[in-house]
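These notes concern the structure reproduced below.
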Amino acid sequence: MASLFPSDENVVFVEVGAGALALTGILAERGKRVIAYEIDERLRKVHDALLADDPLRTRIELRYEDALEADWCTLGHEGETLVLMGNLPYLRSSETVLKLIRTDCIGQACLLFQREFATRLAAHSGNGDYSSLSVVAQTFFDIKRLLELSPDVFFPRPEVNSTLLGFLRRPSGLEDAEVAPFMRFVQQSFLHRRKKLADFFRRLGVPLTGEFAETSQLRPEVLTPPEFIDLFRAVSQVTRV
C-alpha cells in the first residue's frame with residue numbers, strides 16, 4: 001500500500017486523523033516531514049509512547065486540533081510540496097473534499113473513503129452514481145481508484161468496505177471569481193436529479209428557447225464537468241447565478 005503514496009525529499013504530508021500513527025510512520029519514511037492532525041486529545045500520551053524511541057520522530061509534528069479548521073497553505077515552505085493524506089471519518093468525507101478543492105496549494109492527495117462514497121466521487125457522467133460532488137471534484141482533479149480494502153484489514157473492524165482514491169489537481173478552466181458560483185450552480189442543478197434541466201432553468205429564469213432548448217431536455221447526470229462549465233457560463237449571460 002505504501003508504494004501507492006508519493007515519495008520525495010521535498011514532500012510534506014498533511015495527514016488528517018493520525019489515530020495510532022500507523023500511516024504517520026510510513027509517511028515519515030517517504031517524505032521530508034509529516035504534519036499529522038488528531039482531534040482526540042486523549043491520544044497524546046499514546047503518541048508520546050509510540051514515538052519515544054522512533055528515529056523518525058523529528059520528521060513528525062502532531063497537532064491536536066480539527067484539521068478541517070486549519071489553514072493548510074501555511075504549512076509548507078518554499079520548495080516544498082504539500083500532499084494531503086488521510087483515513088477520513090466517513091461522516092466528514094464531503095466536507096474534506098470540498099476543503100481540498102478550495103485549497104489550491106495542495107495539488108495531490110490520497111484519501112480513504114467508504115466505498116460507496118468513493119464510487120460516487122469517481123463516477124463518470126451517465127452513471128447512476130454521478131452526482132454534484134462528482135462534477136465539482138472532477139472539475140479540479142483527476143481522480144483514480146488506487147486500492148480496495150475490506151473491513152478485515154482494520155482494527156477495530158468497521159462495517160463497511162473502503163476505497164483509497166488518488167487526487168491529482170489539474171487546471172479547472174475557471175476564473176477564481178467563478179469557482180464559488182459554479183459550485184453552487186452544479187449543486188442546485190442536482191437538487192431534482194431525475195428531472196430534466198428544464199425544471200432547473202425555470203427556477204433560474206432561463207429561457208427554454210434558443211441555445212438552451214436542447215439542453216433543457218437533458219438530465220444533469222449526462223453532462224461532463226467541461227459541459228457543466230460551458231452551461232454555467234451560458235446561463236450566467238442571461239441570469240444571475
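The values are calculated or read from the model by the stated rules, or taken from the named source; none is laboratory data. Just so it is clear, the structure is predicted and the values come from calculations on it, not from any experiment. Ideal geometry is used to build each Cβ from the backbone, glycine not excepted, and the neighbour counts take in all protein chains shown. To get the accessible areas, we keep the full protein, side chains included, count just its heavy atoms, and leave off ligands, DNA and RNA. Shrake-Rupley method; radii C 1.70, N 1.55, O 1.52, S 1.80 Å.
Okay, residues lined up against (1) within 29 Å of residue 102 (Cα to Cα); (2) of a type in the set (Lys, Arg):
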site: 121; (1), (2): yes, no
site: 147; (1), (2): yes, no
site: 158; (1), (2): no, no
site: 184; (1), (2): yes, yes
site: 193; (1), (2): yes, yes
site: 210; (1), (2): no, no
site: 219; (1), (2): yes, yes
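Scanning the stretch 188-217 for residues that are more than 30 Å from the chain's Cα centre (by Cα) and open to solvent by 50 Å² or more (accessible area, probe 1.4 Å) yields a count of 9.
Just one of the listed residues (38, 29, 61) is within 22 Å of the chain's Cα centre (by Cα), of a type in the set (D, E, K, R) and either within 21 Å of residue 153 (Cβ to Cβ) or surrounded by 12 or more Cβ atoms within 10 Å (Cβ to Cβ) (or both), namely 38. The strands (runs of 3 or more DSSP E) found entirely in the stretch 79-187 that carry 3 or more residues being open to solvent by 50 Å² or more (accessible area, probe 1.4 Å) and modelled with pLDDT of 95 or more are 141-149.
Contact annotation: residue pairs with Cβ atoms under 7 Å, 6 or more positions apart or on different chains, pairing a residue in the stretch 29-50 that is over 16 Å from residue 85 (Cβ atoms) with a partner that is of a type outside the set (A, V, I, L, M) and open to solvent by less than 70 Å² (accessible area, probe 1.4 Å), are 41/64; 44/64.
Each residue in the stretch 188-198 was checked for being within 11 Å of residue 218 (Cα to Cα) and either among the aliphatic types (A, V, I, L, M) or modelled with pLDDT under 95 (or both), and 5 pass.
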